[in-house]
Every structure is written in C-alpha cells, then in structure tokens.
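To start, the structure under review is shown below, and the notes come after it.
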Amino acid sequence: MFIKYKFLKIIIFLLVINSIITFSEEFKIIKSKEFLTVWKNVGDVRYVSSKKDFIIIYHYGKIRTKISFIDNNIVHVQISNNNKFSEKSYAVINNNKFKDFIYSKDKDYIYLSTNTLTLKISKKNFNIEIYRGEKLISKDIEIKWNGNRFYNKKLILNNSKYYGFGEKTGDLVKNGFQMKMWNNDSYDYDKNTDPLYMSIPFFIEFNKEYCNGILFDNTYQTYFDIGYTEKDKYYFGALDGELNYYFISGNNPKEVIKSYTNLTGRINLPPKWLFGYHQSRYSYYPQKKVIELAKSFRDKNIPADAIYLDIDYMDRYKSFTIDNNKFPDFKKMIDELHNMGFKVVSIIDPGIKMKSGYNVYDSGKELNVFLKNDKEELIKEKVWPGLAVFPDFTNKTVKEWWGKQYIPLINLGIDGFWNDMNEPSILNSKSNTLPLNTLHTDFNKKSFHTKIHNVYGQEMARASLEGLNSHRPNYRNFILSRSGYAGIQKYAGVWTGDNRSNFEHLALSIPMLLNLGLSGVPISGADVGGFITSPSKELFIRWMQLGIFYPYFRNHTADNTNPQEPWAFNEETTKIIKKYINLRYKLIPYIYDYIYESSKNGIPLMRALFLEYTNDEKLYTIEDEFLFGDSLLITPVIKENTFKREVYFPKGNNWINFYTNEVYQGGKTYLINAPLDIIPIFIKENAIIPMQDIVQYIDENENNSPLYINIYGDEDTNHILYLDDGISKNYLKGVFTNIEIKKQKNKISFNIKNINYIPKNKNLYIVLKNKSVKNILINNSKLNEIKNKQEKGIGFYYKNKDTIIKLKFFIKNIEIQYF
Ligand code: MIG
C-alpha cells in the first residue's frame, strides 16, 4: 500500500515536472508569468454533431472543435473554449463551404475524407492524423489549453523541412528555430532578431514525397517551435484566441503556394514601373535637389523609374501635408519629374499629429476615427510629428475617411505610396507600440490591441489601397508596406525594414526574401546598399548586382549616411553598377511574365531552388543561390573580398554561363570566377528568355521597343509571354496579350491565347542562341536572309554565334521551323 502511494507520488511529481518543462520553453518565447499554470489536454471526444459542411466535436467544458473543408486539399480546424467559432478572418478571402466530404465513425475514431485526404480523429485523447491517399502526412501529438491559450504539437514526419513564416531572419530552413509573431519596429536587426515588422503565421512542411502548408490564422501574439525543444516535433500556439488553422496538402510546394494564395489572395498586377530601378533615401529635399537627382540619372544614362520622398517632404511630419519651404512648387516638381519619365512615391505614416487647424486631425476628430482605450480615453503617443493619434483602420468608416486623405496627393500627381511605421511603431515607449488596452473595431465588435496589433499595418495598407482605388479607379495603385499579416500580398508590396550596410545583411536578404515568396508574398525587396551606415564600394557593387534580382529593386539609406546613388563612388564603380541596372531593364519582359504568373497562381519570381527541383535534396538548404523565374540561376557573392565561389547546379538539366556560354552539369559543384564586375548568372540549358533593349525607364518607347525571344538549348521547352499597357486596369477587361511560346525539336510555335493588346510598331526577334541554321520556314514558307537588323522587312541574319529571325509583332498563331 505504502509503495503504491509512493509510486503515485512519483507519477504526480513527473507530471508536474513535465508541465514545468513545457512551461519553461514557452516562457523563453513569451516571457509571461501567467504561464506558470498547468496545461491540460482538450480532452476526449464526448459527442459529434455533423452538418452538411462541417462537424463539431464536443470536448470537456466549453471546448469545441469545428472541422470543415475549403476544397479537397484544404482542411479548416478551429478549436475554441467558449462554445463559439470566429467566422471572419483578416487573412482569408476564400472561405468556400465545401460539402464533398464523407463523415463516418467507429468505436475509436471519427473519419472525414475528401477525394485526396482522410482525417482519422481519435476519440480517446482527441488528436488528428491526416492521410493523403494511404500516406500519413500529419500527426498530432497533443492539443493543450490553459485559460485562453491553446497550442498544438505535431510530429515532424518524413524528415520534413520547414520554410515560410513570412519575414524572418536566420536560415532559410526553420528546423531548430523558435519564432514569435508580434509586429515590431526592429530597427537595426540582425541575423538573430525576432520578431520583425511583419507577422505571417504560415509555413510549409516539405519533403521529397509531399508538401503541406499550415496557416495558423490567429492574430494574437503567436509562437512557433520547429524541432527546437524536441527535435522530431513542432508546435504552434497563441496567447489568446482560437486554435484556428488551415491545413493545406499538396504534391509539391508549388501546389501548396497556389492553394495558400487562393485562400489569402494574390497580387493585383502592379504598375510595370514598379519593376524598374528605384532611388530612395531619407530624405531627398529640397525641390531643386530632387530635380537634380532625376537629371543626373538621365545625364548619366542610368535607367531609373522612381524617386522616393521620405518624411521630410511633409510639413513637420504631418501625413498628407507638404513642406512649402522645402518644396516651393511641388506640383511643378512632380510634372517635371513625370516629363523626365520618373514616377514619385511618397511616404505616409499612420500617426496623425494632434493639432487643431491640421485638417486631417480635425476631420478625423469630428468623425471619431481615432483609437481610444477601454476607459474611452484617446490614445496619444509620440511619433515623428510629436504627440499623435491613430486611426482605427479596421473600421469601415475610418477606412473611407483615410482613403479620402490621399486625394490632394493624387491630384498633385504622386504615383505610389509607401506606408511606414505601421506595426504600429511608437517612439519613446517601452513596448514600442500602442497600449494593449487600446480598443479597435474588430468587424462588428470591439477588441483589444492584443488581437488587432498584428493586422494594424495590413489594414492601413488596405485602407490606403482601397482609398486610392476608389479615387483613381483605372490606375494600378501601388502601396509599399513595412508591416503586414497573412495575405498582405493583395494590398501591398513589402520591404524588409531597417537593415545595415554590411555583408551579413546582404546575405541575409536572400533567405528572407525567399521565405517571403514561399509565404505568398512575391513582391519584396531589401534596402539595396543597406539602410544604416554606408556601404564600402565593394559592398555597394555586390549589393546592386544582387538587387537587380530582387522582385522589388530599391536603393534606400538613412538620414545620416553618405550618398548612395549609383555614381556615389568612382567611375569604375558606376560603370559596373550601370551595367547591372541595364541588365535589369533588359530583363523586364521576362520579369513581367513571372509577375503575371504570381498574379495568377501566387508562385514568386524569386524562388528557393527546391521550389523547382523538389527531388534534389542537396538544394533543400541552399540559401546563397536562388532562381529568378524558372530559367535563371543566380549565385551572388555574399562575402567580402571574395572573387570566386562554389556553385552547386540543380540536378535535372545543364546550365549555361550567361557571360561565357560555358556549360555546367546539373548535380555537380563548380568553382566559378566572380571578379568584382561579375555576379555569376546561369541559364537553364533549355529555356526561353524574353528580353528587350535598354530603356531609361519602363514606358520609354514601349510601343516601338523590340522584343527578343531568346531560345536556348536543343530540347523542348516553353514560356508564357504576357503583355499589356503596364499602367491601367484595362487588362481586367481583357486588354492584354498572352501567348504560349513552345519549342519542340526544330519547331517554334506561337499559340495565341489572347491578343487584345497590340504594340503597334514592335519588332519581334526570335534569337536561336548559339545556333547557326540555314533554312527557316514561317508557316511553311521560306524566310529570306537579310544582312542585319537594320535591313527593312522581315528576314533572318546571323550575329555572333546566333541566328536571329526578325519579324513584326503578329496577331495570328504562327509556326517557325528551322534546319
Ligand atoms: O523611424 O521615414 O524603415 O525606411 O527611411 C524611422 C524615415 C522612420 C523607417 C523606415 C525607413 C525610413 C524612415 N522610417
């Protein structure tokens, strides 16, 4: 008897220890004393109620689980402790009620199956196993709760690797990482800083056989532990709110990204000028200097599309105002910049200076748009303009009011807007953000800042975009946002905040942007050259070489740093940089085709290697190489004083050196020369790469500028070409051109899917790379040889080692054969 009692004591002791261990790991992440309580299982299944498009499982007390499907591959699980389930989401736009699943049960399990998935839910000690066909692809270890908190621990199956999590520092692969989601102005972050400005609680679990995605759609502070505490398990949890997640299943990561962006939305096509080179700094002023800056680009023949106005353009940092001393004729300046082919992007901060007479403040006050706390007190915090108040962006009326504030600026001709400080960031405050008892509109109720904090920035970007769209309806309005939540891609492009001018940050930008791309955000960039401090000549060159392969290519620097324009160093440096900016402009047709793809299926332009080569395990952890589209392999130099680097070539095809035409075998590593004027670039052996001539800005010469369809290799390949006016929304009404280019053996066919955008004077050059052919047939009739490009009419000629076929841009399906 005594022995038994002792035994029981040991068991109780072990249980307590166990909960303390769990606690202490949480503690490290969330540093909250409240975690000193015991976690409990959500418990057995007591009862199941099945409806047409969901089931509800009853556990102990008020704990309930609701399971529904979005489609055959997406399961939605919600566990709540108050008998209710949230219906609205700040991330998900497609909450399809899918009915095609089968519900059944036996003594021990509940089963839910769609065409592709089966959930096997154990009644005893509730947990879920998910099968894709016969294959177990997900397995719960425990689902626990504690007051308002839940966490879910699952097994790491099949050696899965974890990616995504939005904007995170550290390695590309997140196995072994703990992460927190709580938007933060992380000025001067480094490789270990967490969290950053943005919270995207979405990740990919990937292995050779299948791929899953999980969106943990909980806007409170959330945390993730991926094999950090226990090597073979991962868990996610939140400080409050439901355990609300979407489980996405796919054969490969592209399928998962496609599903995830179907759920949370995809980019609208941005204006094409977004893909040119952008020049920014904190801040360009006065007016004269801005004009000089623009002229310098044109004088030096360095292409550029946009100039940024940082906070100093405002009258004492008051959003939506202009400092007339620094900018005596702002409208004239904008017109001059437009005449030189520049677009202007200006910054807007959310904090509105408390000052009567300032109409944004006055009108906002009258409409009661500013945030208050639970004691009805106005929230006032210090930001750039001094004491400021903050709009309740999640409120519909406030959104409309906010949108209207942009009207004067769009009337002045400002082309795009940059939303900064929207974490929101507060100066001189311990917490860095609004007080937690701030009340926000949360659909049709009020919620504390603890719930809305992570979506505040996204809702600001959304309010801005929606405002611009209603006041400038046929223009592709663009917002750049520092903060965001899952689904930010449908409202804004993003940049990775205040980095530093050093090689560590140059290297870090690659996994950061790759993971953003894997998290549904294809339009992203880091401040090229670095924000804090000034780059060395070498760093600047290396960073500009890499920057041309960021989806969003902007050079930006802080207020107290050296000039960072392309010509800021010596002539030799400028020459190298110019060569690369030129290359970016030559690649615009290629870039735009992939942006179009992103808008259709969410797949990013800047791609982690495993996205394309899912079978080559060597690629799973590589973070200093990436793909640009599916045909260019970019292998930047990420270290100082380094002029050679090892390049591992993805297995499956050969690769061609962009500069030398040398061929490398996939699956092998080579040492590649990379002197200061070279960033190693490789072309997939069989590829189609559309390019154009250098222009000084995107829409210069748009109608006459020729298009080069470069065809590499002997094997079959294809490419989807997309053209439109690049600026209006007419493409939504069908005014675009979409052509599938197919190369099969010695035949190239152009299969027109849509041809409502017809560039009038565009010549088309089909370039057979490294190939000399004698005869060319176009739709079975023979094409004449011409001397060169200048000779009038159509025909073919030879240049270097290439055969070039000169055609007029066409409107019918055509087929080319060559011998
Ligand atoms: O607290 O507007 O990340 O890009 O130049 C600084 C001034 C506020 C932070 C942004 C940075 C911008 C700067 N802003």
- Query: So ASN673 fits all but one of (1) open to solvent by 50 Å² or more (accessible area, probe 1.4 Å); (2) farther than 30 Å from ASN502 by Cα; what number is the exception?
  - Reply: (2)
- Considering only the range 701-716, how many residues are surrounded by fewer than 21 Cβ atoms within 10 Å (Cβ to Cβ) and over 18 Å from PHE809 (Cα atoms)? 4
- Scope the range 494-517; condition touching a strand residue (DSSP E or B) at 6+ places or on another chain (Cβ under 8 Å), within 14 Å of the ligand (Cβ to nearest atom) and either on the phi > 0 side of the Ramachandran plot or of a type outside the set (D, E, K, R) (or both); matching residues: VAL494, TRP495, THR496, ASN499, SER501
- Item | Members of the range 67-88 found to be open to solvent by 10 Å² or more (accessible area, probe 1.4 Å) and either among the β-branched types (Val, Ile, Thr) or not in a strand (DSSP E or B) (or both), listed by number | ASN72, ASN73, ASN81, ASN82, ASN83, LYS84, PHE85, SER86, GLU87, LYS88
- Query: Of PHE658, PHE628, which residue is open to solvent by less than 20 Å² (accessible area, probe 1.4 Å) and either without any contact (Cβ under 8 Å) to a residue 40 or more places away in the chain or within 28 Å of LYS272 (Cβ to Cβ) (or both)?
  - Reply: PHE628
- Residue check, SER363 against (1) surrounded by fewer than 22 Cβ atoms within 10 Å (Cβ to Cβ); (2) more than 28 Å from the chain's Cα centre (by Cα); (3) within 16 Å of the ligand (Cβ to nearest atom), all met but one. Which one? (3)
- Considering the range 342-357 alone, what residues qualify as being within 16 Å of the ligand (Cβ to nearest atom) and open to solvent by 10 Å² or more (accessible area, probe 1.4 Å)? ASP349, LYS353
- Quick check, is ARG645 charged (D, E, K, R) and under 26 Å from ARG266 (Cβ atoms)? no
- Item | In the range 304-319, the residues that are within 15 Å of the ligand (Cβ to nearest atom) and hydrophobic (A, V, I, L, M, F, W, C) | ALA306, ILE307, LEU309, ILE311, MET314
- Message: What's the total number of residues in the range 733-755 that are exposed (fewer than 14 other Cβ atoms within 10 Å of the Cβ) and more than 14 Å from GLU715 (Cα to Cα)?
- Response: 3
- Which condition does ASP190 not pass, out of (1) more than 16 Å from the ligand (Cβ to nearest atom); (2) more than 29 Å from SER447 (Cβ to Cβ); (3) not β-branched (Val, Ile, Thr), if it passes all the others? (1)
- Note on the structure: Those residues of the range 46-66 which are surrounded by 20 or more Cβ atoms within 10 Å (Cβ to Cβ) and touching a residue at least 60 places away in the same chain (Cβ under 8 Å) amount to ILE57, HIS59, ILE63, THR65
- Query: Regarding SER519, is this residue open to solvent by 10 Å² or more (accessible area, probe 1.4 Å) and not charged (D, E, K, R)?
  - Reply: no
- Query: Which residues, taken from the range 140-181, are touching a helix residue (DSSP H, G or I) at 6+ places or on another chain (Cβ under 7 Å), assigned to a loop (DSSP other than H, G, I, E, B) and within 28 Å of VAL42 (Cβ to Cβ)?
  - Reply: PHE165, GLY166
- Item | Neighbours by Cβ (under 6 Å, 6+ apart or cross-chain): first from the range 214-232, within 19 Å of GLU423 (Cβ to Cβ); second of a type in the set (Val, Ile, Thr) and crowded, with 24+ Cβ neighbours inside 10 Å | THR219/VAL455
- Task: Name the residue, out of LYS399, LYS382, that is over 15 Å from PRO424 (Cα atoms) and in contact (Cβ under 8 Å) with a residue 40 or more places away in the chain.
- Result: LYS399
- Query: Restricting the first residue to the range 786-798 and requiring it to be touching a residue at least 24 places away in the same chain (Cβ under 8 Å), which pairs with a second residue that is part of a loop (DSSP other than H, G, I, E, B) meet a Cβ separation below 7 Å and a spacing of at least six or different chains?
  - Reply: TYR798/SER772
- Show the residue pairs that are 6+ apart or on different chains and have beta-carbon atoms under 9 Å apart, the first residue being within the range 423-442 and more than 18 Å from GLU459 (Cβ to Cβ) and free of Cβ contacts under 8 Å to residues at least 60 places away in the same chain, the second being aromatic (Phe, Trp, Tyr) and within 16 Å of the ligand (Cβ to nearest atom). LEU427/TRP384
- Quick one: is GLY497 small (Gly, Ala, Ser), over 17 Å from the mean Cα position of the chain (by Cα) and closer than 23 Å to ASP310 by Cβ? no
- Can you name the number of the only condition in (1) surrounded by fewer than 22 Cβ atoms within 10 Å (Cβ to Cβ); (2) assigned to a strand (DSSP E or B) that LYS208 fails? (2)
- Run LYS375 past the list (1) among the charged types (D, E, K, R); (2) away from the ligand (no atom under 16 Å from the Cβ); (3) in contact with a strand residue (DSSP E or B) (Cβ under 9 Å, 6 or more places away or on another chain); (4) in a loop (DSSP other than H, G, I, E, B) and report the number of the one that doesn't hold. (3)
- Message: among the hydroxyl-bearing types (Ser, Thr, Tyr), surrounded by 24 or more Cβ atoms within 10 Å (Cβ to Cβ), under 17 Å from the mean Cα position of the chain (by Cα) and away from the ligand (no atom under 15 Å from the Cβ): which single residue out of TYR456, TYR485 fits that description?
- Response: TYR485
- For the range 329-341, does any single residue satisfy the condition of being within 16 Å of the ligand (Cβ to nearest atom) and not basic (Lys, Arg)? no
- Is it the case that TYR245 is touching a strand residue (DSSP E or B) at 6+ places or on another chain (Cβ under 8 Å) and surrounded by 22 or more Cβ atoms within 10 Å (Cβ to Cβ)? no
- Item | Top-ranked residue in the range 670-703 [being assigned to a loop (DSSP other than H, G, I, E, B) and among the aliphatic types (A, V, I, L, M); ranked as farthest from GLU538 (Cα to Cα)] | ILE698
- Output for the range 518-542, where each listed residue is within 16 Å of the ligand (Cβ to nearest atom) and either modelled with pLDDT under 95 or under 15 Å from SER598 (Cα atoms) (or both): SER524
- Here are some conditions: (1) hydroxyl-bearing (Ser, Thr, Tyr); (2) within 16 Å of the ligand (Cβ to nearest atom); (3) open to solvent by less than 20 Å² (accessible area, probe 1.4 Å). SER429 meets all but one. Which one does it not meet? (3)
- Taking the range 278-300 as the search range and keeping residues that are free of Cβ contacts under 8 Å to residues at least 40 places away in the same chain and among the charged types (D, E, K, R), which one is nearest to the ligand (Cβ to nearest atom)? LYS289
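The values are calculated or read from the model by the stated rules, or taken from the named source; none is laboratory data. Note that this is a predicted model, so its numbers are computed, not measured. No Cβ is skipped: glycine too gets one built from the backbone with ideal geometry, and neighbour counts run over all protein chains shown. SASA here: full protein model, heavy atoms, side chains in, ligands and nucleic acids out. Shrake-Rupley method; radii C 1.70, N 1.55, O 1.52, S 1.80 Å.
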